[in-house]
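Heads up: the structure comes next, in structure tokens.
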Amino acid sequence: MSAQTGFGDLRARLAAAVSLPVRGGHVALLDGWRGLCILLVLVGHFVPALDMLGNIGVEFFFVLSGRLMADILVFKRQPIPTFLKRRFARVIPALAAYVLMVGIVTNVAMVATGHPPQLLSPVAALFLFHNFIPLQSIVAAFQHTWSLAVEEHSYLLLVLIAFVSARRPRLSTILALLLCLAALINGMRLFAHPDGIQFIIWRSDYRVASVLLSFALYTMLRRAAEGGQPPRLPWLAPVTAALATAGVFLLDPVNPAQLAMCTILAGMAVNTLEVAAAPVRKLLQHPFLLWAGTLSFSLYVWQQLFYCFTLGAMPGFIALPLTVVAALWSFKRVEEPARNYLNSRWAPVPDPVAARTTPTARAATPTTAVSLF
């Protein structure tokens, strides 16, 4: 076998290893935004001078979640049991794999070195209440699960909103805004009188405001556009996203009033992507951003472990590739197979009569494989 053939075979194997199924259509815009979010988090963690970018990356994730859940629960009106099952399939298998693997290794190392085992932190991470346990009980490898807890807790609130407003969909906007205001007021209370148990910016009873605000913004903007031409605001999304990013460097992200300014700007950005200028939409559908967006959940879950290594002696340029390798393994071996299996098991049984009389519909968001090579 020639050297050229061997190199070509190696390149093909590497391309297959990193290739991922990505979705097309308008959903690609949101997957590209998700890719931008995770890149900001990775840069914030592995480039110490830009650590504040991690904060806005998480905020961008929150507002994206609010927008997506508004579409699913209010406009598509996905049944609540289906919604909850799909959220479980999306998050829990990959999270459980990380928590079990890292938790076992961490506790074995602690016992071997004469330290008591730390069980509360991995248990809280797995069951999504890590953002309410005392700071002294936190194991660094699990502290990033605070944001996953915030999102899942906000989904429960949104399910309640969808249920209450089922017959009056416009009520969903009012309820979301009222709950958002209550969360912000609670955040200001905690900021003025901290209890010292947990960082206030991790607490769900404050940070759900970001998801709720974006949920309300999406419902308002979409209804305003119904029956008419969408407003021509081609540069609103990139400008507000840039201002939100600058805000985390110029404002105090711990102060609820100041963080709310970044949230409003981030919410405006993600909720106006469809009417953004063509170059912006083209950028968000770049294959690299789509690839990163597809891998984003596994990347977010595993980056924390290697970020902890960088706090020791591991350089960031080594930790980052290891994060990608771990995320690819997680996505291909755990996240995607488990999600597909659970969703197929929980899918409603089709009506055989309707199946014979209804033409087969094409997938709304077809997938294609995208590789970096």
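Read the figures in this text as sums done on the coordinates, not as results from a lab. What you are looking at is a predicted structure, and each value in this text was computed from that prediction instead of being measured. Cβ: placed from backbone, ideal geometry, glycine included. Neighbour counts: every protein chain shown.
The table for this structure:
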item	result
For peptides 167-179, 312-324, sequence by mean Cβ density within 10 Å, most packed first	167-179, 312-324
Computed magnitude of the charge dipole of the range 28-85 (debye, nearest 20; Cβ of K, R +1, Cβ of D, E -1)	340
Principal axes of the range 24-346: Cα extent on each, largest first, Å	67, 47, 45
Ranked packing of 285-298, 198-211, most packed first, by mean Cβ within 10 Å	198-211, 285-298
Positive-end residue, the chain charge dipole about Cα centroid, Cβ charges, pick of 254, 74, 239	74
Cα centroid of the range 45-68 to Cα centroid of the range 108-172, whole Å	18
Cα-centre dipole for the chain with unit charges at Cβ (Lys and Arg positive, Asp and Glu negative), debye to 20	1200
Exposure proxy order (Cβ contacts within 10 Å, fewest to most) of 280, 248, 239	239, 280, 248
Cα gyration tensor shape of the range 77-122, rounded if a/c is under 1.5, else prolate or oblate by comparing a/b with b/c	prolate
Relative contact order of the range 24-346, defined on C-alpha pairs under 8 angstrom at six or more residues apart (%)	29
Top positive-direction residue, dipole computed over the chain with Cβ charges, set 220, 56, 157	220
The chain: most fluctuating residue of 73, 14, 190 per GNM, C-alpha cutoff 10 Å	14
Most mobile listed residue (238, 48, 116) in the chain, GNM with C-alpha springs under 10 Å	116
Ordering of 263-272, 118-127 by packing [mean C-beta count within 10 Å, highest first]	263-272, 118-127
Of 197, 292, 139, farthest towards positive along the dipole that unit charges on Lys, Arg, Asp, Glu beta carbons give the range 24-346	292
Residue with peak Gaussian network fluctuation, the chain [Cα springs, cutoff 10 Å], from 213, 29, 233	233
